[in-house]
Amino acid sequence: MINFNGVTFTSWSTNISKHSYTDFGVILTEQNIGLPSPKTYSISIEGMDGRLDLSECFGEMKYEKRTLKFTFESIDKITDWQAKMINISSFLHGQKMKIKTWSEPDFYYIGRCQIDEYNSSQRLGKIVISCDCEPFKYKKSITTFNLTEGTNTVQNSRMTVYADLINESEITINSKVYNAGTHLRAIKLICGENILNSSDNATLNFQEGEI
C-alpha cells in the first residue's frame, strides 16, 4: 500500500489517534498552516507624532489563535463516501485534537476541529477540515536539561514556558530556595538564553513551543 502524506488527529479526551489516509481513507490535497496574528495595542497621545505602541506592555508579545485548514479527497462510490463522512465527522467535528502534519514531524498543534465543507460527485468526494488552534506549535518531545552546580545556560524556543524542577536535596536557584522534591512550573524560561545559577544538581523538564 502506498504511504500517502497526511494528518494525524489525536483526541484530547480519549487519546485515540486517527490518520487521514490509513484510518479514514482520504488523500490530503491541500494544507494551509496559518500564522497567529500579533495582539497589537496602541494609543494616540495629544502632541505626539504617530501612536504609542503598548503591545509589549506585559513584557512580551502576545498572539491570537491560528487556523489550520486541510482539504482531503477520495475516489469512491457515493455510498462509500457517505460512510467515510460519517466516520470522519463522528470522530472530528467539534472535538479538541492534537494535530500532527506530515511536513512537521517534530511538532504538533492543539485545537478544535470542524468540518467546513464536504461534497461528492459521482466518483470524487471532497472534505475541508479547519482547526482553531493555539498560537504556538509544540515540540513532540519534552526537553530535559540537567542543571549542575554553578552557572547554567538553558536554551529555550520562542514560547515562554515554566519548567518543572526535580531536585533530590534543597537547592538554591537564582537566589530562590527549593526544598527537595518535584516542583511543577517552578522556573520561568523566556525565549533564547536563560542564565540559572544553581547551588546543586537538578533536572528541568519543559515543553518548548515555536510560532
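Sort the range 14-169 into rounded, prolate or oblate with this rule: let a ≥ b ≥ c be the square roots of the eigenvalues of the Cα gyration tensor; rounded if a/c is under 1.5, and if a/c is not under 1.5, prolate when a/b is larger than b/c, oblate otherwise.
Because a/c hits 1.5 or more and a/b fails to exceed b/c, the range 14-169 counts as oblate.
Loop-located GluC sites (Glu not before Pro) in the range 108-211 (DSSP state other than H, G, I, E, B) with a sparse environment of at most 13 neighbouring Cβ atoms within 10 Å: Glu149, Glu168, Glu170. In terms of surrounding Cβ atoms within a 10 Å radius of their Cβ, Asp80, Asp49 rank from fewest to most as Asp49, Asp80.
Mean residue ellipticity at 222 nm, helices only, the chain: -2500 deg cm²/dmol; runs of at least 4 DSSP H residues each add -39,500 (n - 2.57), and the sum is divided by the number of residues. Looking at the chain alone, DSSP beta bridges between its own residues are antiparallel in about 100 percent of cases. Between the range 165-211 and the range 101-152, the alpha-carbon centres lie 28 Å apart. Between the helical axis of 78-92 and the longest alpha-carbon principal axis of the chain there is an angle of about 20 degrees.
Every number here is computed from the coordinates shown, using simple stated rules; none is lab data. Being a predicted model, the structure only gives us computed values, none of them experimental. Don't worry about glycine lacking a Cβ; one is built from the backbone with ideal geometry, like all the others, and counts go over all protein chains shown.
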